[in-house]
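Accompanying notes for the structure given below.
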Amino acid sequence: MTGVVLSVVVPMFNEEAVVPALVARLRPVLDGLAVAYEVVAVDDGSGDRTAALLFEQGRTWPELRLLRLRRNSGHQAALTAGLHRARGDWVVSIDADLQDPPEAIAPMLAAARERGLDVVYGVRSDRSSDSLFKRSTAGAYYRLMRRLIGGDVPAQAGDFRLLSREVVEVLKVLPERTPVYRLLVPSLGFASGSVSYVREKRAAGETKYPLRKMAGLAWDSAADFSAAPLRLATWLGALAFLACLGLMVFGLVVWANGTVIPGWTSLFLAVLLLAAVQLICLGLLGEYVARIYRTVQNRPAFHIGFDSLAPDPGPVDIPRQRPAAAAR
Ligand code: UDP
Ligand code: MG
């Protein structure tokens with residue numbers, strides 16, 4: 001037993017601009033909770049001064065603990081690293097950019113303790129500070145996920161949530177490399193509640209979720225939880241078969257009437273279309289095969305290069321690769 005009641009996991013990728021604001025706002029909130037806590041700041045292989053700034057802050061804030069991943073491994077992998085190293089009876093994950101207000105942590109913890117909940121989601125009641133693009137893509141994402149996975153995906157619940165130790169232990173032993181937590185956690189079926197909050201504007205810096213990473217997350221979510229995309233091949237095949245039946249009748253009638261038309265264009269188009277459809281289906285199949293392959297390889301999703309709690313953590317500025325494009 002470490003005596004830590006609450007761990008706050010904060011994944012950070014190139015967030016040097018928000019570190020001072022984050023510390024200034026998070027610390028009074030956590031100090032005010034009157035419980036033993038730790039902040040597990042996970043530096044996701046940043047190429048800027050995020051780790052150095054956090055390390056500096058740690059000198060005057062002993063509860064601030066720094067984990068540094070050797071390379072940029074993506075938001076969900078950083079969350080995984082934080083969950084694995086967090087020691088608290090309760091673990092809250094929160095974005096670094098203060099879009100999720102730290103003040104909501106107190107009601108989350110209170111709800112969990114008073115109502116005996118294992119999971120408390122932070123649900124965005126108002127996203128008007130997000131761009132129209134972000135809001136509409138997020139809306140489409142949650143609709144699609146509900147359609148694919150079923151009704152129990154809480155809408156507008158991102159990665160701001162509180163988990164009990166029991167849930168964290170269940171998550172830790174799952175063999176998945178980088179699970180999509182916002183879908184995985186509800187699928188476990190623990191007693192859950194929610195605390196609603198107003199989504200704020202990013203305190204500083206730029207979004208670390210460009211369109212490419214958003215699309216990656218959406219695809220991972222769909223493929224991790226549903227085989228429906230594979231069924232697309234069956235449907236396309238059935239459709240092609242029906243079209244073929246119609247064209248066969250047409251062809252025979254035309255032939256019987258002796259009015260066969262030269263068919264270069266139609267043949268050409270049919271061949272191209274079918275080839276394209278087949279390639280798409282093959283690609284879909286390949287995506288699932290790749291997932292099986294990665295699971296079998298069973299390589300770790302992240303490597304922790306520095307943990308300020310380790311007996312001999314070494315220098316914080318370990319030589320790193322170029323800040324590579326994130327996996328997602
Ligand atoms: N993040 C991360 N690794 C990445 C991308 C993002 O750890 O590869 C962190 C980021 O620092 C932030 C959180 O994930 O704390 C959410 O990212 P962001 O706020 O940029 O996403 P948005 O709110 O724009 O969807
Ligand atoms: Mg954000």
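The values are calculated or read from the model by the stated rules, or taken from the named source; none is laboratory data. Note that the coordinates shown come from a computational prediction; the quantities given were computed from them, not determined experimentally. A quick note on method: Cβ atoms are made from the backbone with ideal geometry, for glycine too, and the neighbour counts reach across all protein chains shown.
The residues in the range 159-189 that are at pLDDT below 85 and either in contact with a helix residue (DSSP H, G or I) (Cβ under 6 Å, 6 or more places away or on another chain) or surrounded by 18 or more Cβ atoms within 10 Å (Cβ to Cβ) (or both) can be counted, and the count is 2. Would you check if there is a residue in the range 220-230 being touching a Cys at 6+ places or on another chain (Cβ under 9 Å), within 30 Å of Ser187 (Cα to Cα) and touching a residue at least 40 places away in the same chain (Cβ under 8 Å)? Within the range 220-230, one or more residues are touching a Cys at 6+ places or on another chain (Cβ under 9 Å), within 30 Å of Ser187 (Cα to Cα) and touching a residue at least 40 places away in the same chain (Cβ under 8 Å). Of the residues contained in the range 62-74, none is found to be out of contact with any strand residue (DSSP E or B) (no Cβ under 6 Å at 6 or more places or on another chain) and in a helix (DSSP H, G or I).
Can you tell which of Arg68, Arg85 is away from ligand 2 (no atom under 16 Å from the Cβ) and out of contact with any helix residue (DSSP H, G or I) (no Cβ under 6 Å at 6 or more places or on another chain)?
Numbers: Arg68 fails: out of contact with any helix residue (DSSP H, G or I) (no Cβ under 6 Å at 6 or more places or on another chain).
Residue meeting the stated conditions: Arg85.
Could you tell me how many of the residues in the range 92-101 are crowded, with 24+ Cβ neighbours inside 10 Å and more than 9 Å from ligand 1 (Cβ to nearest atom)? Of the residues in that region, 2 qualify. Restricting the range 208-235 to residues that are of a type in the set (A, V, I, L, M) and crowded, with 16+ Cβ neighbours inside 10 Å, the residue that is farthest from Leu282 (Cα to Cα) is Met214.
None of Asp44, Asp31 is in contact with a strand residue (DSSP E or B) (Cβ under 9 Å, 6 or more places away or on another chain), buried (at least 22 other Cβ atoms within 10 Å of the Cβ) and among the acidic types (Asp, Glu) except Asp44.
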